[in-house]
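Notes to accompany the following structure.
Laboratory data are not the source of any read-out in this text; all were calculated from the coordinates shown. All of these numbers come straight from a predicted model, not from anything done at the bench. Don't worry about glycine lacking a Cβ; one is built from the backbone with ideal geometry, like all the others, and counts go over all protein chains shown.
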C-alpha cells in the first residue's frame, strides 16, 4: 500500500515529484454544485508558494491549476475532480552531487531502504512540493465549509526559533511573509532570518490553525476521533515532528481544576481542550498546533555515508528554506479543512437525521487560545 490518499469520503489522492513534469491530485467525494474556477486556487497557492520573500526558497513556480475533470459549466459535478499543476522552475542539476549520498535529516536513506531506489531531485516524493496539491484541494473544502456552515479556517505562525509573538492581531497575519500576528515584531524577524541565512543554518517553527464556527457532534468515538484524524493529518505534513490539540503538552503541568473547560448556559468558560472532547467537536473553535523541524538541506558540511556505505561529507546546494515553517501556515490550514470536510460528510452520512440537540451551548465566552 502506497498510502497516497487522505480521507474516507472526501478523499484526496496526490501524485508527482518535486522535479517531475507535474504534480496533481484526484479528489473523490466532492459535493456537487460547488462553484469553482481555476482562478479560485490562486490566492491560497500564492500564500504557500516559494519565492514569496527573501526568507524562503527562491524557486519560483507558476502554480497554475488546470481542472481536468469533475467540473461542468463552473460547478462541481460530484464525480472525480482532477487537478494538475505543471512544474516550471525545477533545477535538477542542483542535486547531481548527492545522487549517491544520503543527506542527514532527510528521507533519502529511508526511501532507499523501502524501495531500493530513490529520486534525489529535490527530495522527489518526500518534497514539500507535494503539499501544493493539498492546499489546492483544501480550496474546495474551505469553500464548502464556509458556504454550508459558516466555518472559517485560518492560521498563523506562533513561534520561530525561540521568538514568540508579544501581541496578537489576526489582521496582522496576512500583512507579512511570516504569517506573524504581531506586526511590530516583523523587523525583528527579518533581522533574525537574515542572520540565519548568512550563517547557513536553519531553525524550526510552530504553526497554529483555528477553525471557527464548527458545529458540535463531528467526529467518531475511539478509532475515528476528530482529534486523532487531525493529528494524523498534521503528522503527514513534511517536517512536522509534533502536534498539539488545544493546550497540548502544556496540560502536563496543569491541574484538573485549571484544564477542564467549565460550562454555563451562556457558553464554555475556556477552551483548553481545543474544541474537541471524546474525539467529538464541542462547537468551540478547533485549535491545532504543529512543531516543524529545522530544514535539513544545509550548505554547512555534515557527515554521512553513500550508497556503498562509505563515509562522505555532504553539502547541499540549490534553493532551500532556512525555515520551512514560514510558508507552512496555508498547509496546516489545508489539512485542518480537509479533515473537517471529511468528518462533516461522515457525520451527515450516519447522523444527518439527528438534527440539533438541546441544550446547544454557545462557544467559548473567553478568548480562544491561539498560540
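Between residue 4 and residue 37, take the C-beta separation as r, use R0 = 25 Å, and let me know the FRET efficiency to the nearest 0.05. Write down the numbers at each step before the final one.
Details: r = 26 Å, r/R0 = 1.05.
Calculated transfer efficiency: 0.45.
Neighbouring Cβ atoms within 10 Å as the yardstick, rank 361, 34 fewest first.
On the way: 361 17, 34 21.
In order of increasing Cβ crowding within 10 Å: 361, 34.
Estimated from helices alone, the mean residue ellipticity of the chain at 222 nm is -7500 deg cm²/dmol (sum of -39500 (n - 2.57) over DSSP H runs with n ≥ 4, per residue). Note on the chain: GNM, Cα springs under 10 Å; of 237, 23, 67, the largest mean-square fluctuation is that of 67.
Full extension of the chain between residue 254 and residue 113 yields a length gain of 46.5 nm, computed as 0.36 nm times the residue separation minus the alpha carbon distance. Axis of helix 131-149 versus longest Cα principal axis of the chain: the two differ by about 10°, to the nearest ten degrees. Alpha carbon centre of the range 180-222 versus the range 92-151: separation in Å? Each part reduced to its Cα centre gives a spacing of 20 Å. Nearest 10 degrees, 0 to 90: what angle lies between the long axis of helix 329-351 and the longest principal axis of the chain (Cα atoms)? With rounding to tens, the tilt is 40 degrees.
Taking all Cα pairs closer than 8 Å and separated by 6 or more residues, the relative contact order of the chain comes to 21 percent.
Relative contact order of the range 248-307, taken over Cα pairs closer than 8 Å and 6 or more residues apart, is 17 percent.
Distance from the alpha carbon centroid of the range 155-175 to that of the range 271-329 works out to 18 angstrom. Computed over the range 107-187, relative contact order equals 16 percent, with contacts defined as Cα pairs under 8 Å that lie 6+ residues apart.
Can you put 6, 178, 15 in order, fewest other beta carbons within 10 Å first? If you can, show how the numbers build up before the last one.
Values: 6 22, 178 27, 15 16.
Neighbour counts put them in this order, fewest first: 15, 6, 178.
The stretch between residue 305 and residue 86 holds 75.5 nm of extra length on full extension. This uses 0.36 nm per residue minus the Cα-Cα distance. For 198, 225, 8, the sequence from fewest to most other C-beta atoms within 10 Å is 198, 8, 225. Between the Cα long axis of helix 186-199 and the first principal axis of the chain there is an angle of about 30°, rounded to the nearest 10. Taking the structure as given and computing P(r) over Cα pairs in 10 Å bins from 0, in percent, which label from (i) 5, 23, 31, 25, 12, 3, 0; (ii) 5, 21, 27, 20, 12, 8, 5, 1, 0; (iii) 4, 17, 23, 19, 14, 10, 7, 4, 1, 0 fits? Identified label for the calculated read-out: (i). Could you work out which residue, out of 253, 141, 211, moves most in a Gaussian network model of the chain, that is, has the largest mean-square fluctuation with Cα springs under 10 Å? Largest GNM mean-square fluctuation: 253.
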